[in-house]
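Structure record follows, encoded as structure tokens.
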Amino acid sequence: MTASVAAFGLLGSLVTACGASGSGGTTLRLVAPEYGNGAASGSRAYWDGLAAAFTAAHPGKKVEVTLHPWAEVDREVTRMVEQGDAPDVALLGAYSDFAAQGRLYPAEEVLSIRAEANFLPPLVKAGSIDNTLYGLPFVASSRLLFYNEELFDRAGAKPPKTWSELKRAAEALKAAGVASPYALPLGPEEAHAEALIWELSNGGGYTDVSGKYSLASERNAQTFRWIKDNLVGPGLTGPVPPAELNRQDAFAAFLRGDVGMLNGYPSLLHEARAKGMQVGTLRMPVSDTLEDGEVPPAAGVADWMMAFRHEGNRELVGSFLNFVYEDENLSKFAERYHLLPSTVSATQASRGTAADPSAEQFLGALRSAQLYPVNDPSWLQVSNTIKRNIGKAVAPSADPKAVLEQIALQAEEAARPE
């Protein structure tokens, strides 16, 4: 995730009839994921405080909050919908399956004009289907390249701005005894994030200008050939083969000081600095084949609020969501988990109060970021296919183009109308 660790792909097929149940006009039911990893950082305190404040501002109205682990929340909401018992509001890693079936209110029916116009433009694009906003972005993150400054100094390496410079830095780190010069997590946890970061840095990506999948484009094939020949083949990645390396394990290795470089998001930077590590951040180095001055977008990730249609619940849902997106309430959650707020006004406020100057780098990257094609209902299935298979593209005996073509074929089948 966003910075989230959302288990994309858990949404199964949904029944076509919209659930008739709801909580009416007095009690709103919210289902959300647990962002914390223990009692001290758990999400319950935030939501309970928000619910109490909402009730105080709206006498007679209540909010019931149910939290699930990220690995279970999509599946649990799907189960509720299938049983005709959808919540009023859910916070998930994807929304388009529900929107495509007519289960969700569009933003214009539940948000004030000011609130709807306040979202950051890249998030609006990703949250919209046919120019109608259904996925309400909540918190987000962008990805930057992290490097261990102590290891770089020891190796005499320079922060890279191009792929060739990244390779030279990795070679210097390896010569200095660094176990894993570059961590390349193309394992099943979040391979689709690492893959997108690399593809974008070569002018590629998951979709073309028309929004159609372009997974096996020549630029993408070129990207994975370069990674295979210049990083994986020479032994500059680790700590395990890319197809077996998950993001969390890569992060843990970086925090142990075993990794020289990897792509990360704001919460990792916070953890590293809390451990006393000296960490630098910069935009992902770009392919040497790009034209001088060409700056491709960073990769961005967002988590999405969605409002389920039930008879008699629109006014309550609207009141709650407008309350959620007030700057103070949204910023409090984003700051708690070292994520980025999704609105222009909260972003401006966070810029003014951020103690960490590197936060501006993440905010700047997010303003022009490329997000996953979450507005395509097939994305959940396609992202699962990418996660399971993209690591094969850099295996020693692999033909990257053939691997991408196989992924593209499965994506085409997933996107085909039933």
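Residues of region 180-213 that are out of contact with any helix residue (DSSP H, G or I) (no Cβ under 7 Å at 6 or more places or on another chain) and at pLDDT 95 or above: Glu194, Leu196, Ile197, Leu200, Ser201. Please go through region 201-223 and give me each residue that is in a helix (DSSP H, G or I) and either closer than 23 Å to Ala414 by Cα or among the basic types (Lys, Arg) (or both), ordered by number. Once the filter is applied, which keeps residues that are in a helix (DSSP H, G or I) and either closer than 23 Å to Ala414 by Cα or among the basic types (Lys, Arg) (or both), region 201-223 yields Glu218, Arg219, Asn220, Ala221.
Looking only at region 265-279, filter to residues that are closer than 20 Å to Ser142 by Cβ and touching a helix residue (DSSP H, G or I) at 6+ places or on another chain (Cβ under 7 Å); which one of those is surrounded by the most Cβ atoms within 10 Å (Cβ to Cβ)?
Residues of region 265-279 closer than 20 Å to Ser142 by Cβ: 265-273, 279.
This time we only want the ones that are touching a helix residue (DSSP H, G or I) at 6+ places or on another chain (Cβ under 7 Å), so: 266, 268, 271-272, 279.
On the way: Pro266: 26, Leu268: 24, Glu271: 17, Ala272: 20, Val279: 19.
Result: Pro266.
When region 5-42 is limited to residues that are in a loop (DSSP other than H, G, I, E, B), polar (S, T, N, Q) and farther than 25 Å from Ser96 by Cα, the one that is modelled with the lowest pLDDT turns out to be Asn37. Filtering region 307-337 to residues that are buried (at least 22 other Cβ atoms within 10 Å of the Cβ) and over 20 Å from Lys62 (Cβ atoms) leaves Leu330, Ala334. Each residue in region 385-418 was checked for being closer than 23 Å to Val209 by Cα and of a type in the set (S, T, N, Q), and 3 pass.
Yes/no per residue for (1) under 23 Å from Tyr35 (Cα atoms); (2) touching a His at 6+ places or on another chain (Cβ under 8 Å); (3) not hydroxyl-bearing (Ser, Thr, Tyr):
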position	(1), (2), (3)
Gly135	yes, no, yes
Val139	yes, no, yes
Leu144	yes, no, yes
Tyr147	no, no, no
Ala195	no, no, yes
Trp198	no, no, yes
Gly211	no, no, yes
Ala216	no, no, yes
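Taken over region 136-156, the criterion of being open to solvent by 20 Å² or more (accessible area, probe 1.4 Å) and over 29 Å from Leu120 (Cα atoms) is satisfied by Glu149, Glu150, Asp153, Arg154, Ala155, Gly156. Residues considered: Thr385, Thr343, Thr353, Thr347. Of these, the only one that is open to solvent by less than 20 Å² (accessible area, probe 1.4 Å) and either over 30 Å from Leu282 (Cα atoms) or at pLDDT below 85 (or both) is Thr347.
Close Cβ contacts (under 9 Å, 6 or more residues apart or on different chains) running from residues in region 280-298 that are without any contact (Cβ under 8 Å) to a residue 24 or more places away in the chain and open to solvent by 30 Å² or more (accessible area, probe 1.4 Å) to residues that are in a loop (DSSP other than H, G, I, E, B) and among the polar types (S, T, N, Q) comprise Val295/Ser368. The single residue among Ser319, Ser267, Ser331 that is more than 28 Å from Leu184 (Cα to Cα) and touching a residue at least 60 places away in the same chain (Cβ under 8 Å) turns out to be Ser319.
Please go through region 71-84 and pick out each residue that is in a helix (DSSP H, G or I) and either open to solvent by 10 Å² or more (accessible area, probe 1.4 Å) or touching a helix residue (DSSP H, G or I) at 6+ places or on another chain (Cβ under 9 Å) (or both). First the steps, then the outcome.
We begin by selecting, within region 71-84, every residue in a helix (DSSP H, G or I); these are 71-82.
Scanning region 71-84 gives Ala71, Glu72, Asp74, Arg75, Glu76, Val77, Thr78, Arg79, Met80, Val81, Glu82.
If you go through region 220-272 and keep only what is hydroxyl-bearing (Ser, Thr, Tyr) and under 22 Å from the mean Cα position of the chain (by Cα), you end up with Thr223, Tyr265, Ser267.
The values are calculated or read from the model by the stated rules, or taken from the named source; none is laboratory data. If you're wondering where the values come from, they're calculated on a predicted model, not measured in any experiment. For neighbour counting, all protein chains shown are included, and Cβ atoms are generated from backbone atoms with ideal geometry for every residue, glycine included. Note: accessible area is taken over every heavy atom of the protein model, side chains too, but ligands, DNA and RNA are not part of it. Shrake-Rupley method; radii C 1.70, N 1.55, O 1.52, S 1.80 Å.
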